[in-house]
């Protein structure tokens, strides 16, 4: 039985993202700062787009340990996994 090769690409969080460093992305707003101001709901952006690890949800932090680290240089499609694929169809 012949097998085909399978290459899968996906995006996984970078080490910076895993540590709460989201500098370079759109502003992230602090949900704990939500308030009504002049009839509008407002939030403050997180300073420097950094999320303190003390604010990570423990379950989410545990799930993150199951994600692989990136093995590619770009942000999108930064993880490539190659391995055996499905059996090749018979002629």
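Just to check your reading of the model, which residue among 35, 23 is free of Cβ contacts under 8 Å to residues at least 60 places away in the same chain, closer than 27 Å to residue 9 by Cβ and in contact with a strand residue (DSSP E or B) (Cβ under 9 Å, 6 or more places away or on another chain)?
23
Residues 32, 60: which one is closer than 30 Å to residue 6 by Cβ and either modelled with pLDDT of 95 or more or in a helix (DSSP H, G or I) (or both)?
60
Can you tell me how many residues within segment 35-51 are outside any loop (DSSP other than H, G, I, E, B) and surrounded by 13 or more Cβ atoms within 10 Å (Cβ to Cβ)?
2
Would you pick out the residues in segment 1-20 that are touching a residue at least 40 places away in the same chain (Cβ under 8 Å) and either surrounded by 13 or more Cβ atoms within 10 Å (Cβ to Cβ) or not in a strand (DSSP E or B) (or both)?
Hits for segment 1-20 are 1, 2, 10, 11, 12, 13, 14, 15, 18.
Can you tell me which residues in segment 53-86 are closer than 23 Å to residue 27 by Cβ, exposed (fewer than 11 other Cβ atoms within 10 Å of the Cβ) and more than 16 Å from the chain's Cα centre (by Cα)?
54
The values are calculated or read from the model by the stated rules, or taken from the named source; none is laboratory data. Just so we're clear, the structure is a prediction, and the values are computed from it rather than from any experiment. Counting neighbours? That spans all protein chains shown, and the Cβs are built from the backbone with ideal geometry, glycine included.
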